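What follows is a short report on a single structure.
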Amino acid sequence: MRQMNKKLTITFVGTKFCGWAKQKNGISVCGTLQKAIESVVGEKITLLGCSRTDSGVHARRYVCSFKTKTAIPNEKLVLAVNHYLDEDIRVLKCEDAEDDFNPAFCAKKKTYIYQIYESKVLDPFLRPYVWHVPASLDFESMKKACGPFLGCHDFAAFCATGGSAKTTTRTIYELDLAKEGDLIKIKVTADGFLYNMVRIIAGTLYYVGLGKIKPEEITDIINSGDRSRSGPTAPPCGLFLYEVYY
């Protein structure tokens, strides 16, 4: 029987996982999902993901794919795989894909959301999903600082060491801030992201909110390519892969 390429859209809470990719020292999203799929289709598979994620990072819409000979209909495959899955991961959709579909290489752009909780007292129900900042941030200055990030730039100043990207040039299409009570949401869409890029942008906007970096300094920081001039790397708990576009 001919193999079919299946495209899965999944969602997961990343708190207890070491990230998407398999690691020797932790439980991965990929390893957990692959085991569940193999239990359903009855064959070994290779699971391809749209992106690596760090330990503790979440995903609202993560895309992956695998090839299989199974004749199980897509709708039933979703239910069957979810039956075997860890409670922190769920398959939302299964679709037939072209043979050459690769969730990483075919992606046109991605959207991430980073959440900062600005309050002296942390709401315990939000604890796994936000960066708790017990300080008052200048939200208007943070919004003003978003403009210079837009467009195509060399974002070396917003890349952590250890990445494998061949170039540090990326295009940011959208960088918006929204405030809901004590919750600040940073939404960023780009054609791709460098290692820890979103978390460093979030940390830089946090420094702007504290007054440690001025909004008008952002352009110079980008042009400098100097990582030491941007803000800290925000913790992974506040980061969500929100959408992948094809």
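The values are calculated or read from the model by the stated rules, or taken from the named source; none is laboratory data. Note that the coordinates shown come from a computational prediction; the quantities given were computed from them, not determined experimentally. Backbone-built Cβ (ideal geometry, glycine too); neighbour counts: all protein chains shown. Ligands, DNA and RNA are stripped out before the accessible areas are found, and what is left, the full protein with its side chains, is counted by its heavy atoms. Shrake-Rupley method; radii C 1.70, N 1.55, O 1.52, S 1.80 Å.
So if a site counts as exposed when it's one of the GluC sites (Glu not before Pro), its DSSP state isn't H, G, I, E or B, and it has at most 16 other Cβ atoms within 10 Å, what's the longest stretch of the chain without one?
Values: sites that count: Glu43, Glu87, Glu98.
That would be 99-246.
Find how many whole Å separate the alpha carbon centroid of region 42-78 from the alpha carbon centroid of region 104-144. Each part reduced to its Cα centre gives a spacing of 27 Å. For the chain, modelled as a GNM whose springs connect Cα atoms under 10 angstrom apart, the maximal fluctuation among Asp191, Asp226, Asp100 occurs at Asp100. Protein heavy-atom surface of region 114-197, 1.4 angstrom probe: 52% of the accessible area is carbon and sulfur, with nucleic acids and ligands not counted. Within straight-line reach of Lys179, meaning a Cα separation under 18 Å, sit the following lysines at least 8 residues removed in sequence or on another chain: Lys120, Lys143, Lys144, Lys187. Rolling a 1.4 angstrom probe over the protein heavy atoms with all chains in place gives the chain an accessible area of 50 Å² per residue. With only Cα atoms counted, the chain has Rg and Dmax values of 19.3, 63 Å.
Here each label is just a point 7 Å from Cα along the line to Cβ, and for Asp99 and Ala21 those points are 2.9 nm apart. Restricting region 210-246 to trypsin sites (Lys or Arg not before Pro) that sit in a DSSP loop and have at most 13 other Cβ atoms within 10 Å of their own Cβ leaves Lys212. I need the calculated FRET efficiency for the pair Tyr84 and Asp220, taking r as the beta carbon distance and R₀ as 45 Å, to the nearest 0.05. Plugging the Cβ-Cβ distance into 1/(1 + (r/R0)^6) gives 0.30.
Relative contact order of the chain: what whole-number percent is it, with Cα pairs under 8 angstrom and at least 6 residues apart?
Numbers: 542 pairs, mean separation 58.0, N = 246.
Worked out over the chain, it gives 24 percent.
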